[in-house]
Every structure is written in structure tokens, then in C-alpha cells.
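**Q** If you scroll down you'll find the structure; I have some questions about it.
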Amino acid sequence: MTPGTVAERAQQIADVRAGGAGDREAIRSAMVCVREIAAWAEAQHAALVGLLSAVDSFPEATIAEVSKRSLSDASKSKERAETLDAAPSIAAALEEGAITAGHVDAVTRASGRLEPDQRAHFVDRAESLVAVAVAGSVDEFAQRLNREIKQLQSDDGEERLTRQRRNVRLNTWTDGDGMWNLRGRFDPLSGLRLSQQLDSAVQTLFAEQTPELCPSNPIEKNRFLAAHALARLLGSAGSSAEDNSPVRIGRQSTRGRARAEFVAVIDADAPGPCGCGAASSHTMVDWPIPVELPPRVLAELASDADVVGIVVRNGVVLHAPGEMNLGRSTRLASRDQRRALRGLYRGCAVPGCSVEFDRCKIHHVIWWRHGGLTDLANLLPVCSKHHSKLHADGWLVELSPNRELSITLPDGQVMSTGPPRRNAA
């Protein structure tokens, strides 16, 4: 569509809205206009992202800033632009309003499941399926793309199993209801073993008595029991706090409850009620996942938990258990060092990045290969994406003694932050 056509569509929408209730067909036509304008706008945005990527060393930061969205959303915008650049026919269909950005994202997601040498062939196939995208929904187009992938990957089964093993994943997140969620994808062999272990655990643990609060609906009951059995297999408290009896499942022996651990971060600069140093009200308790628990349960956990105290002041760790300076004795950060860094950072240290700490790698500011030490002052948590940029894209990092961070990009841009302040976050 041309800008003039976009203006005509916008006028048609305005006319229908001004007419009040109108008729069904007029409203439907106006909604099609909205879809077409949105697609055209997404095409323009993707083209601008492509232009920006050619002159900006960290385009995601600029995209996030101007669009008022997260770096994660900005990364998806960049991936969409790359897909459209590789598939001109799809890009043209988007600009004409014939397909949606969702169709483009389906191509991006599908190609991400392939090896690099297969992606070019897949994009060529996707280009030939523009008519399918125009005629169908995003879900229908995605199903067709999945069939194309299966044809590309057709073999005797050995290569498929290798791909499946390569694509094993486990995701965890806390939803809006405060529930901790776990979702995994496993190759068939691992899945078979896990399924057998889980079924065995359900039969062993709940053959005679089911946990309290178990639903009566058969399907929901099976899901409930499987979740509790998995919690037991992993060694966590799947039932009441009083149940500490050992349970043997197959060759494994677990206890009904594992000790909790939390990090207490004390800001030494925060004045107490009397103005005489850090107070309990300025002590933050950090769990491995974001949780909200009733006071009774918190007290119960705290009475039998491993408490790790971290004292910080202006970006500097004043006290933390364990050895913080390991020198050249090991390349990997220790558990104690990770705890200390958790006391300083909620997640990735790159400004604007929202990846949580447990998803981060520990980066040597002075690289290990360049003689860098595995000392706390030389360690920085960064997500895997930014870690690769630090190593592959020429990003230069400077970290002051109080952890003021400066990142210089290849084009001369500088991103900087003051000392980390978890309490501000």
C-alpha cells in the first residue's frame, strides 16, 4: 500500500466510527482496514529496523527506547526484520496488508528450529507459500510450515532423534497468579524414562492415600498427583512441612522436604529508624524464584532454612560467606560468588535488559583468555545473548571498583550505569 492508500483506509475507519452503530458489513470492512494499516505499519517498522541495524551496534536498545518496550520485544522486532529481509515476497505481502506480522513471526519461529544449513531452503519454501498465508490464519500457516519442516527433515529416524536431543528445553516462570510454572520438551528416549519414573512415583507415593486438597475430577486429580510426585522426585516439599519421611522410588531415595535457601541482602548505607546504620526494614530477602507466601509459611521456612547474609554498600560487597577471589585456580564462578553477585544484581547487568539472574552467565570483565581472574571484582552477570555480544561483537566493558558500568559499542556509543541498586529495582 502507498501512504495515500493508508490515508484512504484511515478515513474509511473514521467514517464508520463517526456513523455510530452502522451496519455489520461496514464495521467488518473497517476492521479489515485496521488490519491492513497495522500490517503496513509493521512493514515500515521492520524496514526501519533493518536500516538502523546497519548503522547501530546495539539496535535493540534504540528500538526499545523509541517503542517504549523491553529489550526482549526489541530483539523480536529485529528477528522479524531479518526474516523479511530474507523473504522479499513475504515482506511485500505484509506491506500490502495481505498478511499480518503474526504470519511473519511464524516463519521466524519455525526457521529457528532448523540448523543453519537448512534455514535458507526453508525460507525459500515459505516464500512459495505466500498464497497460503494470505488465505489462512496464523495458526493454519504455522501448521503448513511445520509440514514443510518435516519434509526437510525426513530421514531414517537417526537424524531426527539427534535433532530432538538438540532441542531439549526446560522453561520456568512465575505467572500472574503467583504459581511457579515448569514446561519442558524432551526427546522421546528421555521422555520415556521420565514418564516411567513419574508414573512409578505416583503409584508409590499415592497408592493408598492422596494428599489433601486433591481434586475429585479424574483428569485434574492425575495432574495434581503428577505435580506432587515430580516435586518429591526433585526433593522439594510436595506435601505438608511435617512429612520428612524418606521415600524410595526405583533406585532413588528422596525426602518429602528439602531445606530452603534464601539470600538476605543488607544495605549498609540505608539508615535505620534511629539513623544509626542498616535496619531490618532495609534487608531484602531474595528467593531463587519470585514468590509471595503467607507469614505463617515464611516463618516455617525460615526456621529450617539456609540463610545466606550479604552486606553491600554502594555497589561493593562488604561481607559474603565463602572465598570471593579465586584467581586463576578456576574459570567458573563458585556458588558463593554467584550468591554475592545475586546480592548486587537482580539480573543481566546490561542496561535495560530484564533477564533474571538465574538465566545469566557470569562474564569475566577482563577475559579469562586474556589473563582475567575469577575474582568477584572481575565478574559480571549477563544474559546469554549479551554475553555473545561481549565476546563476538567487540563490546568493550569497564567496571569501576564500586561497579559503575560502562559499555562502549563498536560505533562509539556508550552505555553506562551507576552502582547496582537492587532495592531501587
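Every number here is computed from the coordinates shown, using simple stated rules; none is lab data. The model shown is predicted, which means the values in this text are computed figures rather than measured ones. Neighbour counts are summed over all protein chains in view; Cβ atoms, including those assigned to glycine, are modelled from backbone coordinates with ideal geometry.
**Q** Would you mind ranking Ser384, Ser200 so that the residue whose beta carbon has the fewest other beta carbons within 10 Å leads the list?
**A** Ser384, Ser200
**Q** Moving to a separate point now. Dimensions of segment 335-417 along principal axes (Cα, Å, largest first)?
**A** Sorted largest first, the three principal extents are 36, 30, 23 Å.
**Q** Largest first, please: the extent of the C-alpha atoms of segment 3-154 along each principal axis, to the nearest Å.
**A** For segment 3-154, the Cα extents along the three principal axes come out at 54, 37, 24 Å.
**Q** Would you list Asp358, Asp187 from fewest to most Cβ contacts within 10 Å?
**A** With the fewest neighbours first, Asp358, Asp187 line up as Asp358, Asp187.
**Q** If you don't mind, another one. To the nearest 20 debye, what is the magnitude of the charge dipole of segment 6-105 about its Cα centre, counting +1 on the Cβ of each Lys and Arg and -1 on the Cβ of each Asp and Glu?
**A** The dipole of segment 6-105 has a size of about 320 debye.
**Q** In segment 1-88, what trypsin sites (Lys or Arg not before Pro) fall in a loop by DSSP, with at most 10 other Cβ atoms inside 10 Å?
**A** Lys68
**Q** Would you mind ranking Cys360, Cys353 by Cβ crowding within 10 Å, fewest neighbours first?
**A** Cys353, Cys360
**Q** Where the centroid of each part is defined by its Cα atoms, how far is segment 42-108 from segment 170-228 in Å?
**A** 39 Å
**Q** Next question. Extension gain Leu396-Arg35, at 0.36 nm per residue separation less the Cα-Cα distance, in nm?
**A** That pair, Leu396 and Arg35, stretches by 125.7 nm at full extension.
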